[in-house]
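The values are calculated or read from the model by the stated rules, or taken from the named source; none is laboratory data. Remember, predicted model here, so these are calculated numbers, not experimental data. So basically every Cβ, Gly included, is an ideal-geometry build from the backbone, and we count neighbours across all protein chains shown. We work out accessible area using only protein heavy atoms, side chains counted, and drop any ligands, DNA or RNA first. Shrake-Rupley method; radii C 1.70, N 1.55, O 1.52, S 1.80 Å.
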Amino acid sequence: MTFAPPQRTRPLVAVASSTGATVDTHLGHAREFRIYGSDEGMVGLIGTRPAPQAGSGDARWEGVAEILSDCTYLLVAGVGRKPLDILAQRGLTVIEAEGYVQSLLRQLYGGIE
């Protein structure tokens with residue numbers, strides 16, 4: 001996985017995870033997002049944000065874009081074409097990934113711990 005580090009204007013990374021240890025949740029099943037950031041060379045959990053209510057169609061994806069507007073990336077286990085397009089239009093890059101959250105975050109933030 002090769003991506004530029006998160007942008008200064010959008011310094012955070014959101015993760016869809018049921019446990020916090022691995023990226024294991026499809027975007028459509030996410031109930032919340034874990035938000036990570038980097039400070040003084042360390043990557044850590046900043047907090048969680050609830051996902052918009054399921055079943056609201058495109059409004060849900062617009063809501064996801066709004067609550068994650070300070071995130072460059074969203075890591076998910078899977079995502080459909082429609083939400084992927086809507087989120088990309090709003091400046092959020094969705095990455096389908098599997099693996100340990102901390103390992104993936106280190107890659108995104110350029111190898112920092």
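Mind giving me the nanometre distance, one decimal, between the label points for GLU96 and ASP39, set 7 Å out from Cα along Cα→Cβ?
Modelled inter-label distance: 3.5 nm.
Report the longest stretch of the chain that contains none of the trypsin sites (Lys or Arg not before Pro) sitting in a DSSP loop with at most 15 other Cβ atoms within 10 Å.
Numbers: sites that count: ARG8, ARG31, ARG90.
Value returned for the longest uninterrupted segment is 32-89.
I want the local charge near ALA16. Using Cβ-Cβ distances under 14 Å, sum +1 for each Lys or Arg and -1 for each Asp or Glu among the other residues.
0
Keeping the other protein chains in place, figure out the carbon and sulfur percent of the accessible area of the chain, with a 1.4 Å probe.
C and S atoms contribute 50 percent here.
What is the Å³ per residue value for the convex hull set by the Cα atoms of region 12-113?
Expressed per residue, the convex hull around the Cα atoms of region 12-113 is 82 Å³.
Over the chain, average the accessible area per residue using a 1.4 Å probe and give it in Å², no decimals.
Roughly 53 Å² per residue, with all protein chains present.
Could you list which residues have their amide H under 5 Å from that of THR25, counting only those 5 or more apart in sequence or on another chain, with H placed in the peptide plane?
Those qualifying (amide H under 5 Å, at least 5 residues apart or on another chain) are SER18, ALA77.
What residue among SER56, SER17, SER38 shows peak mean-square fluctuation when the chain is described by a Gaussian network model with Cα springs under 10 Å?
Looking only at SER56, SER17, SER38, the largest GNM fluctuation is found for SER56.
For region 1-73, which GluC sites (Glu not before Pro) are both in a DSSP coil and crowded by at most 14 other Cβ atoms within 10 Å?
The qualifying sites are GLU40.
Based on DSSP H runs of at least 4 residues, each adding -39500 (n - 2.57), what is the mean residue ellipticity at 222 nm of the chain after dividing by all its residues, to the nearest 500 deg cm²/dmol?
Dividing the helical sum by the residues of the chain leaves -6500 deg cm²/dmol.
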